[in-house]
Amino acid sequence: MVLLAVTPSFAAWINCVLPFTAVGAEIFFQSRFTPTGLIAALEDQPVTYVPLPPTLWRMLMDESRSIKAPSLRYLFFSGEPGSQSLVDDLVETFPLAQLRGAWLSSEAGCGAGIVADDSLLKTPGKANAAGVPVPGARIRFSQPQGELTDYSVSGEIVVESTSVSIGYWGQPEDLDGRLHAGRWRTGDMAALDSEGIIFIHGRIDNVINTGGIKVHAEEVESILLSHPAVLMAAVIGVPDHLWGQTIEGHVTTRGQVTAQEILAHCRSLDVETYKIPKRIVFHEGSLPTTPSGKIYRKGLVPEPVESKAVHQPR
């Protein structure tokens, strides 16, 4: 078992590096992510397992779809929801490898994760699923009134497990009450479908209020990523004198596609009209990311000087 760890930080250490160390795996580290550097490692080293956020997987496959990685057996993504286009591209690029997805956190540890295996992610309509709880973890949902339920159309994920942290270093207590007695209020909103599969809606603090309707940016990003030409997507709320905020989608694309075509695709889906961006902004190359490879929405400005934008009627 050989792990390729690319710029591991925060949850990646406790949920990837340490478990692989415990079972005696060989680990290759890369101090920074570049598509060409990762491709070279996959082709030159006997790597069997690679964990990356979806954004970095997309950047890798945008660089090349002809990657020779004969030892690769497992493709893992976490940190952001997957998408049908991501799953399709991974299967096409690495046909011999199996897919794994997960919801994980530093505070909860491996014993309180939510995981999706290869068969689930390849099931139609489940590519963006977080999955099911690992054995021994109890996942519940906090409702607006404060009660905890085992089933929910939408609620904040609350995990209970022996692996939940006892506290934060240098802080005598968790002042906001989110981490207490083996229970972790995560700040992530999610829902449970009729089959018991958990889907992440987004962060509580990453909500756009447009005309009094609250929309999770991650939900809109998933809609944009369902277009086959959209490679990366990030959604922000921009001030609007009429609606308070309007939804603005920032994308990078493969091939030629117009904003009107992307919006037409969004309108063709079975989604609420208020979740469709009012404007699409194109970026060359890449969208801003955090050191761990997740989309950095705060790094987006309302109107990049050289980007094209189109308005969508409400």
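For the chain, the number of Lys pairs with C-alpha atoms closer than 25 Å, counting only pairs eight or more positions apart or on separate chains, is 17. When you filter the GluC sites (Glu not before Pro) in the range 90-183 for DSSP loop state and at most 13 other Cβ atoms inside 10 Å of their Cβ, you are left with 147, 173.
For the range 94-188, which chymotrypsin sites (Phe, Trp or Tyr not before Pro) pass both filters: DSSP loop (anything but H, G, I, E, B) and at most 15 other C-beta atoms within 10 Å? Here the sparse-neighbourhood loop sites are 151, 168, 169. Residues whose amide H lies under 5 Å from that of residue 99, counting only those 5 or more places away or on a different chain, are 75, 118; hydrogens are built 1.01 Å from N in the peptide plane.
For the range 207-311, compute the orientation-averaged projected area of the C-alpha convex hull (one quarter of its surface), in nm². Working shown, then result.
Details: hull surface 26.2 nm².
Hull-based average projected area comes out at 6.5 nm².
Near residue 113, the amide H atoms lying under 5 Å from its own belong to 134; only residues 5 or more places off or on other chains count, and H is placed 1.01 Å from N. Restricting the GluC sites (Glu not before Pro) of the range 181-259 to loop positions (DSSP other than H, G, I, E, B) with no more than 14 neighbouring Cβ atoms within 10 Å leaves 195. Approximating the spin labels as points 7 Å out from Cα along Cα→Cβ, the residue 66-to-residue 92 distance works out to 1.5 nm.
Computed from backbone phi, the HN-Hα couplings of the range 157-165 come to 5, 10, 10, 10, 6, 5, 8, 5, 4 Hz, rounded to whole numbers (Karplus: 6.51 cos²θ - 1.76 cosθ + 1.60, θ = phi - 60°; Gly and Pro given as x). Taking amide H atoms as placed 1.01 Å from N in the peptide plane, the amide H of residue 180 lies under 5 Å from those of 185, each 5 or more residues away in sequence or on another chain. Under the convention that each Lys and Arg Cβ holds +1 and each Asp and Glu Cβ holds -1, the size of the dipole of the range 207-311 around its Cα centre is about 100 debye. The GNM of the chain, with springs linking C-alpha atoms under 10 angstrom apart, assigns the highest mean-square fluctuation among 171, 260, 30 to 171.
How high is the relative contact order of the range 208-268? Use alpha-carbon pairs under 8 Å, at least six apart in sequence, and give a whole percent.
Numbers: 86 pairs, mean separation 20.6, N = 61.
Rounded, it is 34 percent for the range 208-268.
Largest mean-square fluctuation among 122, 298, 278, in a Gaussian network model of the chain whose springs join Cα atoms under 10 Å apart, belongs to 298. The packing ranking of peptides 279-289, 231-241, highest mean first, is 231-241, 279-289, where packing means the average number of other beta carbon atoms within 10 angstrom of each residue.
Derived scalar couplings between HN and Hα for the range 101-111 equal x, 7, 9, 9, 8, 5, 5, 8, x, 5, x Hz in order, rounded to whole Hz, by the Karplus curve 6.51 cos²θ - 1.76 cosθ + 1.60 (θ = phi - 60°), x for Gly and Pro.
Quick one: of the DSSP bridges fully inside the chain, what percent are antiparallel, nearest 5? Mind showing how you got there, number by number?
Values: 43 of 62 bridges.
Here the share of antiparallel DSSP bridges comes out near 70 percent.
Just how large is the dipole of the chain about the Cα centre, in debye to the nearest 20, putting +1 at every Lys and Arg Cβ and -1 at every Asp and Glu Cβ? Numbers along the way, then the final one.
Working: 25 positive and 34 negative charges, 42 e Å.
My answer is approximately 200 debye.
For residue 151 and residue 191, the difference between the fully extended length at 0.36 nm per residue and the C-alpha to C-alpha distance is 13.6 nm.
Every read-out reported here was derived from the displayed coordinates using simple, explicitly stated rules and does not represent laboratory data. Quick caveat, the model's predicted, so the values are computed rather than measured. Quick reminder, even Gly has a Cβ in these numbers, built from the backbone with ideal geometry, and neighbours come from all protein chains shown.
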